[in-house]
Amino acid sequence: MNYILIIVLSIIIMFIWLKVFSKFNILDKPWNDLKNTRKPVPTMLWIFVYLWFFAIIYIIFPQYFNSNIIRWLLAGSLPIIILETLEELSYIWKIKFKIHPILRLLIHVLWWILAVYIGWIWIGQELLIWDWKWIIPQYIFVLFFVIWSIICINAINRFDWIYAQASWVSAVGFLTIFLLIKFVVFANYTVFKWDSLEILTITQNLAFILFSISLISTFVEYKPLGLLRDIWIMFFGFSIAYLSVVWWAKIWTLLVALSLVIFDAIRVWFYRIFVMKKNPLKWDYTHLHHRLLWLWRNRKEARASVWIRSFIMMIFMLLQWTDRLNKVIIFLIMALLFFGINYYVFIVKKLPCWLKLNK
């Protein structure tokens, strides 16, 4: 696999399209949201990024289009692209168009169920716990995937309020999948079924392509030079959920590597439902990065906290190699620490759990 070629192609395509969107004046103008001041920058970059991903596959791995993995990824991501495009156009052109969050979620779920059958990836899925093997029934796999996709998409998407934060978290997720397969699985296992070897190879390569795209997007959004908006960030989240279930052993490693955003999303949902008594899908300023800003940290410090912590946890989990017990224990410890500290600080001590708009 030519990793350098993938990165070079990604950089070239990114900056070409930044120029194109600037020329046609398709820009995102900042609004007064917590002193969010900047110059207008190119937006709607999802149009080329979506094509960018599949173009790189076509150039380097054209044979992959015969695989159900690519077909299923394409089919499963279509509702995200279509629905969020309509939302984005209504935002830029001030069109009175709005899809209710519940309806959007329902469309996503129904389409994902259909996509599972299109890709047929549920066939032969196994859950291995030491020497015990369980063939996962089709309906359980579908249910798990729908829930897992919702968690990944919302967890990463809600972290895009600070530029380059969601892109970096996505990059860590894809890099975790790539490194785990290449340096843990292939280094510790020598016998594979022919289809398992093919699936692992395709998953590894797709993860690296998406890693290169999300990493370059991180640098582009840092200043920012351009914005990906919700459409592409949600595609990142869906792709992470998808690639992690194609081969089950990546789940625990990925859960801990991205535990900060996943745990934070779960905490926010429960806090909105049981404390604030509101729709959990309605956005507000209760996420982790909002609390970091409330503690008088600037955006760079809040972003660095998320960047460094995610990267360290990825390395730590990869060092566990194939020891699933250690990964499960680490996951449980991280969950107890995160939710325990949050419960004590914001429920028992009743410190503010949100960032006020006029702060």
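The values are calculated or read from the model by the stated rules, or taken from the named source; none is laboratory data. Note that the structure is predicted; figures quoted are calculated from it, not measured. Cβ atoms come from the backbone with ideal geometry, glycine included; neighbour counts cover every protein chain shown.
Here are a few things to note about the model shown:
- When region 276-291 is filtered for residues that are within 19 Å of residue 335 (Cβ to Cβ) and more than 20 Å from the chain's Cα centre (by Cα), only 291 remains.
- Residue in region 158-181 that is at pLDDT 70 or above and over 28 Å from residue 80 (Cβ atoms) present: no
- First in region 92-116 and under 25 Å from residue 227 (Cβ atoms), second anywhere and modelled with pLDDT under 75, Cβ under 6 Å, 6 or more apart: 97/90; 101/281
- Selected residue (criterion: surrounded by the most Cβ atoms within 10 Å (Cβ to Cβ)) from residues of region 281-306 that are at pLDDT 80 or above and part of a loop (DSSP other than H, G, I, E, B): 287
- Residue ID - farthest from residue 267 (Cα to Cα), chosen from residues in region 280-314 that are touching a residue at least 24 places away in the same chain (Cβ under 8 Å) and among the basic types (Lys, Arg): 299
- Members of region 212-233 that are surrounded by 23 or more Cβ atoms within 10 Å (Cβ to Cβ) and either among the aromatic types (Phe, Trp, Tyr) or free of Cβ contacts under 8 Å to residues at least 12 places away in the same chain (or both): 232
- Residue within region 234-244 that is part of a helix (DSSP H, G or I) and free of Cβ contacts under 8 Å to residues at least 60 places away in the same chain present: no
- Some residue of region 246-263 being in contact (Cβ under 8 Å) with a residue 40 or more places away in the chain and over 22 Å from residue 333 (Cβ atoms): yes
- The requirement of being within 29 Å of residue 38 (Cβ to Cβ), under 19 Å from the mean Cα position of the chain (by Cα), not aromatic (Phe, Trp, Tyr) and not in a helix (DSSP H, G or I) is fulfilled somewhere in region 257-275, by at least one residue.
- Any hit, region 252-264, residues being within 23 Å of residue 142 (Cα to Cα) and in contact with an Asp or Glu (Cβ under 9 Å, 6 or more places away or on another chain): no
- Test result for residue 265, of a type in the set (Gly, Ala, Ser) and either loosely packed, with under 13 Cβ neighbours inside 10 Å or farther than 18 Å from residue 165 by Cα (or both): no
- Scanning region 211-231 for residues that are assigned to a helix (DSSP H, G or I) and modelled with pLDDT under 80 turns up 229, 230, 231.
- Among the residues listed as 93, 148, 122, 52, the single one being at pLDDT below 80 and closer than 30 Å to residue 3 by Cβ: 52
- Screening 208, 144, 174, 183 for residues that are over 24 Å from residue 315 (Cα atoms), in contact (Cβ under 8 Å) with a residue 40 or more places away in the chain and part of a helix (DSSP H, G or I) leaves exactly one candidate, 144.
- Scanning region 340-349 for residues that are modelled with pLDDT under 90 and either part of a helix (DSSP H, G or I) or among the small types (Gly, Ala, Ser) (or both) yields 341, 342, 343, 344, 345, 346, 347, 348.
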